[in-house]
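Trainee: Take this structure, written in structure tokens, and hold onto it; I'll ask about it next.
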Amino acid sequence: MSEISPPSINPIYKKTVQCPLCNYEYTTSKIRSRYIIPTTIDTDFFTLYKQERYNPTLYHVHVCSKCGYSHTENFSLSFSPQERKDFNKHLVSRWNYKDFGGVRTHEDALKTLKLAVYSARLKNEEASVLAGLYMRIMWIHRYLNNEDQVLRFSSLARDAYREAYLVEPLDRPEWPSYKVLYIIGELERRIGNYREAVKNFSLVLNSRKTKADPHIRSLAEKQWQVTREESKSRR
């Protein structure tokens, strides 16, 4: 008797989401963690994967097919009465049914991320939430070699992280204040603002908190030196 092969597991699975705005239930796609295999991680955390179609950034945003509200797990869940009015006026009344629940291309992912930016602005989400969206848009444009858009969204992410550093507590383990300073420095370096980059890397190196995070400290040391060398070569 021949052996029966076990059923294959689809790397992409469906997840049911209830829209926080209109309560409609819809499905979105996610990637099973075992298939998310990074091969290289750049100094601004831009990541290449063994199989690019299993890049989690492509599925970072949930888009309600009924009302258009787009969000990530970092969004707050509550809405003020004024925010609901704003959504009904500026989004829901203009939304045409669109389902982003299937397999996404990079272009699909850009659309969902920009929809999430729009929702985040209407909802007055924290600057750190916007910064994360801008970073992911920038990463996709880098993968697609859209250099003008890489620079544009690098600047938007830098500005949003600056605001987050100044006004938010930044007590989340995944994004402590010194890590925000590091990414601001790296974005400044890539934009060409070397003085500001050196300033931010120095703040990271002078922070006692980085002793518990040798990876970020090592990155800051290396990028501080890279920035100094790049600055000298541009004079």
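Trainee: Using per-residue counts of other Cβ atoms within 10 Å, averaged over each peptide, order 100-107, 132-139 from highest down. Please report the intermediate quantities before stating the final value.
Mentor: Working: 100-107: 14.4, 132-139: 24.2.
Listed from highest to lowest mean packing, they are 132-139, 100-107.
Trainee: How much length is gained on full extension from Ser76 to Glu25, taking 0.36 nm per residue of separation minus their Cα-Cα distance?
Mentor: Taking Ser76 through Glu25 to full extension adds about 16.6 nm, to one decimal.
Trainee: Within 15 Å, Cβ to Cβ, of Arg34, how many net charges do the neighbouring residues add up to if Lys/Arg are +1 and Asp/Glu are -1?
Mentor: Local charge sum for Arg34: +4.
Trainee: With a 1.4 Å probe and every protein chain left in place, tell me how much accessible area Arg121 has, in Å² to the nearest 10.
Mentor: Taking all protein chains as shown, Arg121 has close to 140 Å².
Trainee: Could you pull out the pairs from Lys50/Lys179; Lys211/Lys232; Lys66/Lys111; Lys179/Lys232; Lys50/Lys98 whose alpha carbons sit more than 18 Å apart here?
Mentor: Numbers: Lys50/Lys179 26 Å; Lys211/Lys232 29 Å; Lys66/Lys111 16 Å; Lys179/Lys232 26 Å; Lys50/Lys98 30 Å.
Going by Cα-Cα distance, Lys50/Lys179; Lys211/Lys232; Lys179/Lys232; Lys50/Lys98 fall outside the 18 Å limit.
Trainee: Now, a different point. Packing-wise, with mean Cβ within 10 Å as the measure, how do 28-35, 203-210 rank, highest first?
Mentor: By packing density, highest mean first, the sequence is 203-210, 28-35.
Trainee: Sticking with this one: Rounding to the nearest 10 and keeping the result within 0 to 90°, find how far the Cα-based axis of helix 127-143 lies from the longest principal axis of the chain.
Mentor: In the chain, helix 127-143 runs at an angle near 90 degrees to the longest axis.
Trainee: Calculate one ³J(HN,Hα) per residue across segment 61-73 by plugging θ = phi - 60° into the Karplus curve 6.51 cos²θ - 1.76 cosθ + 1.60, and present them in order as whole Hz with x for glycine and proline.
Mentor: 9, 9, 10, 6, 5, 7, 10, x, 4, 10, 8, 10, 6
Trainee: Now for a different question. For every other residue with a beta carbon closer than 14 angstrom to the beta carbon of Ile9, add +1 if it is Lys or Arg and -1 if Asp or Glu, then tell me the sum. Please report the intermediate quantities before stating the final value.
Mentor: On the way: positive: Lys14, Lys30, Arg32, Arg34; negative: none.
Value of the local net charge: +4.
Trainee: Can you compute 3J(HN,Hα) from phi for each residue in segment 43-55, using the Karplus curve 6.51 cos²θ - 1.76 cosθ + 1.60 with θ = phi - 60°, rounded to whole Hz and x for Gly and Pro?
Mentor: Couplings: 6, 10, 6, 4, 10, 9, 10, 4, 10, 4, 5, 9, 7 Hz.
Trainee: Could I ask something else about it? Between Ser218 and Arg121, what is the label-point separation in nm under the 7 Å Cα-to-beta-carbon projection?
Mentor: Those two pseudo-labels are separated by 4.0 nm.
Trainee: Calculate how steeply helix 194-206 sits against the longest principal axis of the alpha-carbon atoms of the chain, using the helix alpha-carbon long axis, and give the answer as 0 to 90 degrees to the nearest 10.
Mentor: Roughly 90 degrees, rounded to the nearest 10.
Trainee: How charged is the neighbourhood of Asp108? Take every other residue with its Cβ under 15 Å from the Cβ of Asp108, and add Lys/Arg as +1 and Asp/Glu as -1.
Mentor: +4
Trainee: Return one number: the angle in degrees, 0 to 90 and rounded to the nearest 10, between the long axis of the Cα atoms of helix 214-233 and the longest principal axis of the Cα atoms of the chain.
Mentor: Relative to the chain, helix 214-233 is tipped by roughly 60 degrees.
The values are calculated or read from the model by the stated rules, or taken from the named source; none is laboratory data. All values derive from a computational prediction rather than experimental measurement. Don't worry about glycine lacking a Cβ; one is built from the backbone with ideal geometry, like all the others, and counts go over all protein chains shown. Remember, those area values only see protein heavy atoms, side chains included, never the ligands or the DNA or RNA. Shrake-Rupley method; radii C 1.70, N 1.55, O 1.52, S 1.80 Å.
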